[in-house]
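I have placed the structure first, in the form of structure tokens, so that the comments after it can refer back to it.
Read the figures in this text as sums done on the coordinates, not as results from a lab. Predicted model only: the values in this text are computed from it and were never measured. In this analysis, Cβ positions are derived from the backbone assuming ideal geometry, glycine residues included, and neighbour counts consider all displayed protein chains.
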Amino acid sequence: MSVPREQILKAAAELLSRRATASMDEIARSAGISRATLHRHFAGREALVAALGELGIRQIEEGLDAARIDEGDPAEALRRLIDEATAVAGFLAFLYGENELYESDPMVAGWARVDARVGALLKRGREEGVLRGDLSTAWLVDALFALVAASGWSVQDGRLARRDASRVVAELLLGGALERSAR
């Protein structure tokens with residue numbers, strides 16, 4: 001029986017979200033396959049991590065679509081985006097720490113697409129006077145992703161309940177990013 005590549009990637013993402021240093025043997029076991037089968041799909045850890053990076057970009061872009069970030073009040077659109085992102089925060093936290101992912105052209109292009117879409121939402125929020133004008137859009141994008149990753153680590157370490165992650169990320173980001181008159 002052949003195990004679909006996507007199923008292997010999801011099992012690997014689940015494990016690596018909790019234990020970033022898991023071995024290829026452990027990853028194979030978590031996917032319910034042999035190490036040989038894992039290596040037929042991915043030549044090594046580097047190839048697996050690259051495929052996980054592509055999966056991560058795809059999940060983020062699907063989250064952007066689901067959040068409908070081009071619709072309605074920018075603060076509410078940002079809250080919807082945070083809801084979508086914190087649902088996969090553990091996986092995003094793993095990806096956030098994988099430096100080799102930032103060196104490949106496909107990943108750089110993927111993150112650029114994500115940054116552009118999120119940046120457009122934040123820029124719209126600044127133009128509409130909902131978000132502070134004195135904070136750069138690029139910095140706000142970075143802060144959003146850093147807070148989402150931090151929520152993933154906090155949930156994994158038991159310092160934050162999963163059900164609270166979206167709320168605390170939104171409150172911290174928007175509490176500091178909203179125009180004082182919009183608070």
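A few comments on the model shown:
- Equivalent-ellipsoid semi-axes of the stretch 1-42, from the Cα gyration tensor, Å, largest first: 16, 11, 7
- By the count of neighbouring beta-carbon atoms within 10 Å, fewest first, Leu15, Leu48 end up ordered Leu15, Leu48.
- Each 10 Å bin from zero up to the one holding the largest Cα-Cα distance in the chain carries the following percent of pairs: 10, 35, 32, 16, 6, 1, 0.
- Separation of the stretch 1-50 from the stretch 70-96 is 26 Å, based on Cα centroids.
- Amide hydrogen proximity for Leu131: with H placed 1.01 Å from N in the peptide plane, the residues at 5 or more positions away or on another chain lying under 5 Å are Arg126, Glu179.
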